[in-house]
Structure formats: structure tokens, C-alpha cells
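A short worksheet on the structure shown next.
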Amino acid sequence: SQQGEEDPQALSIQEGENATMNCSYKTSINNLQWYRQNSGRGLVHLILIRSNEREKHSGRLRVTLDTSKKSSSLLITASRAADTASYFCATGSRVRFGAGTRLTVKP
Amino acid sequence: GAGVSQSPRYKVAKRGQDVALRCDPISGHVSLFWYQQALGQGPEFLTYFQNEAQLDKSGLPSDRFFAERPEGSVSTLKIQRTQQEDSAVYLCASSPRRGGQPTDTQYFGPGTRLTVL
């Protein structure tokens, strides 16, 4: 069964805008990861946040984690057309994935 | 350095045929994972190896699916008597060992797209 569930399922924005997507999970975790998958390409790891962390930054990415609500959010600032992809959250050492958020950034 | 590679990249099989999908993990990575990804869905966990030991095969959908990693490096996912519902992208990932414990970050290959006619 998939651990993480992303919301929204699809998101369309203009280049330069920020994109926020959310992830909810069901059981306790050691860490949560976000991955990106471009059309026709494999999954690429973006960022990992540990259960004792509340916020983490990597370039234009900002991830938050609220273990009390069992939720995480991924913020992409100043989006670019190249950010168009599906974004997945995943938990656990076996890395269970949700169905993903399909982000489209229009030039 | 070289990433995870998978072969073939595309495979078309007639229903009932057996197929074998290969994964070459990043050199030295202890952990290896197989996932199945249907169109428009996230990857579904199939099985996990630590070195040559298959520690978790709970995601294999039926006994037609079999995976092995005999020498703790290259892995093969075999599907016997393929059916149309087996059509999907099969992703392989490997994970390094850090501090004596397997880490959770996984590095994915490009996948093998299997189409069963």
C-alpha cells in the first residue's frame, strides 16, 4: 500500500510563480522524501527531511514537516518551465510512494 | 559516476511469454529495490535486496514474479507467463550504505517499459 498521498493531483501555474504541494501519510516515520519525475525519465531524489526536523531548504525548494498532523509540504519558488514534472512524496526505508502531483509550469 | 542502468529500456512481449529485466545498481550500493509503475500512478514497491539477501518481497503481485541478486550486485526481475496487466514501467533503485546503516535515499534507473500484447 502507498504510504504518502499528494495533494493536489494536478497543479498548473505560470513561470515565476510559486508552487505548493502537500503530502499526507498514515504511520509514524523516520524521514520523508520528495522525488521528481519528468516525462519519460526516471525518478530523481530532491530532498529528505528527518522526523526531528520541521523545515529544510535546498535551492528553490522548501520542505516542511508536521509530524503531529502527519503532513509535509513542498514549496518550489520562482518556478521555471523545467520544473514541469510529477512530484512524489515517499516514506520509509522501503520508500512507499503516493500517486503524485502533476505540476505544469507555463512559460 | 555511472548511475543505475536498466536493460532493456523497452520490451514488448506476447501474452504468455516470459521476460527478464536487468538492473545494474551503482557500484558498491548495498540495497536494491524494484518498483512497478502503472501509467499515471506512483511507483509501487515490489521487492528489496540487501546485498544478495531478498529481505522483502511483499510487493510481488503473484508467484509469476521472481527477483534475484545472486552476487549482491546485478539484479534480474523475471516475470513468467506475462499478462496484459503486467504492462507497466519497472523501475530499479539502489541505495548506498552510510555509517554502517542502509540509508533511505534511493537512486533510480530509467526503467524498463514492458508492454504485453
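A short reminder: the numbers here are calculations on the coordinates, not readings from a lab. This structure is a prediction, so every number in the text was calculated from the model and none was measured. Cβ: placed from backbone, ideal geometry, glycine included. Neighbour counts: every protein chain shown.
Filtered by the rule that a residue be more than 14 Å from chain B (Cβ to nearest Cβ), more than 14 Å from residue A:31 (Cα to Cα), of a type in the set (Ser, Thr, Tyr) and in a strand (DSSP E or B), the range A:64-107 gives a lone residue, A:104.
The residue of the range A:5-63 that is farthest from the other protein chains (Cβ to nearest Cβ), among those that are in a strand (DSSP E or B), among the β-branched types (Val, Ile, Thr) and under 24 Å from residue B:91 (Cβ atoms), is A:63.
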